[in-house]
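Structure first, then comments.
The values are calculated or read from the model by the stated rules, or taken from the named source; none is laboratory data. Keep in mind that this is a model prediction, so the values were computed, not measured. We place every Cβ from the backbone using ideal geometry, glycine too, and count neighbours over all the protein chains shown.
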Amino acid sequence: MRLGVLILPDRRWAGNAERWRQVEQLKFDSAWTYDHIWWRSLRDVPWFSAIPVLAAAASVTRTISIGLMVASPNFRHPVTLVKDAIALDDISDGRFILGVGSGAAKAGDAEVLGGTPLSATSRMDRYKEFLELTNRLLGAETTTYDGHWYSAREARMTPGSLRQPRVPLAVAASGHKGMTLAARYADAWITPGPADWTAGYSPDECMAAVVAQVEYLKRACDKAGRDFERLDRIFIATGMCGNPLQSAEACLEIAVRYADAGMSHLIIHWPREDGVYAGDTQVIEDIVGGALPQIREL
């Protein structure tokens with residue numbers, strides 16, 4: 001199993017850059033940031049745009065994979081998103097991972113561009129088009145597309161990505177319809193367990209959800225003619241699964257459980273001083289010294 005760190009874009013770059021450098025220096029496998037205009041309980045604190053933050057992160061690191069967790073149709077269009085992804089791939093020398101999701105209704109910025117709130121069915125229909133067009137754009141020099149939600153007219157992606165055959169596409173999905181799309185389009189699948197991680201699920205309930213998701217994804221991959229084992233299966237550790245920031249031992253225990261469930265990549269959060277994902281940054285170093293070697297063997 002691989003281990004990554006999600007760094008919130010909640011500091012000015014002068015204070016945030018060192019966190020990205022440190023994650024690489026500590027030999028984690030990946031580093032990510034959230035893609036929102038603002039986010040849940042942190043709507044009134046500083047929050048920077050993900051794409052330029054990742055460009056800066058790519059410039060101060062050399063080897064670690066960097067990823068977007070996750071772009072959504074709430075305020076992204078596939079044409080400009082993929083154009084940005086190709087630029088990030090270039091700046092990072094092929095280390096960028098494009099994560100996409102359906103657009104959470106409760107994240108805080110779902111209607112930031114205006115319009116009527118969408119039903120769950122409409123959000124999934126929009127996501128299907130979003131993924132279909134994103135997939136085409138990642139694989140073609142020029143794309144024309146006519147859909148209900150999105151259109152493109154000779155969208156040019158020259159010069160394409162350094163990483164071949166394309167920038168990896170990581171698809172976030174918790175329900176059957178989303179995982180069917182992941183089986184069709186994704187190079188990686190992302191889940192936190194149950195879709196609404198704020199609903200108070202217990203660690204056992206979270207685990208049961210992931211086990212069921214993995215089994216469904218295996219079947220969906222078979223139907224799509226995809227090799228399940230070739231998909232990177234990314235689990236985001238939230239409060240539902242326990243607290244990996246409590247100690248190195250707690251992080252290892254969570255990693256063991258989710259590796260046994262079929263996940264291949266665990267993402268923990270860089271500790272914040274208070275509030276959501278609060279913790280001591282010393283735990284990050286403890287995890288590297290006391291748990292990371294064993295996690296890599298899972």
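At-a-glance table
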quantity: The stretch 41-69 residues that are surrounded by fewer than 19 Cβ atoms within 10 Å (Cβ to Cβ), paired with ones that are of a type in the set (S, T, Y) (beta carbon under 7 Å, 6 or more apart); calculated: none
quantity: Residue count for the stretch 101-114, restricted to those that are within 15 Å of G175 (Cα to Cα) and modelled with pLDDT of 85 or more; calculated: 3
quantity: Selected residue (criterion: surrounded by the fewest Cβ atoms within 10 Å (Cβ to Cβ)) from residues of the stretch 1-22 that are in contact with a Ser or Thr (Cβ under 8 Å, 6 or more places away or on another chain) and not in a strand (DSSP E or B); calculated: R21
quantity: Test: residue in the stretch 257-278 that is surrounded by 18 or more Cβ atoms within 10 Å (Cβ to Cβ), in a helix (DSSP H, G or I) and among the β-branched types (V, I, T); calculated: no
quantity: Matching residues, the stretch 48-79, being part of a helix (DSSP H, G or I), touching a strand residue (DSSP E or B) at 6+ places or on another chain (Cβ under 9 Å) and of a type outside the set (G, A, S); calculated: I51, V53, L54, P78, V79
quantity: Matching residues, the stretch 217-235, being out of contact with any Leu (no Cβ under 7 Å at 6 or more places or on another chain), within 30 Å of V283 (Cβ to Cβ) and either without any contact (Cβ under 8 Å) to a residue 40 or more places away in the chain or in a strand (DSSP E or B) (or both); calculated: D232, R233, I234
quantity: Among (1) among the β-branched types (V, I, T); (2) in a loop (DSSP other than H, G, I, E, B); (3) within 22 Å of W32 (Cβ to Cβ), the one test that T116 misses; calculated: (3)
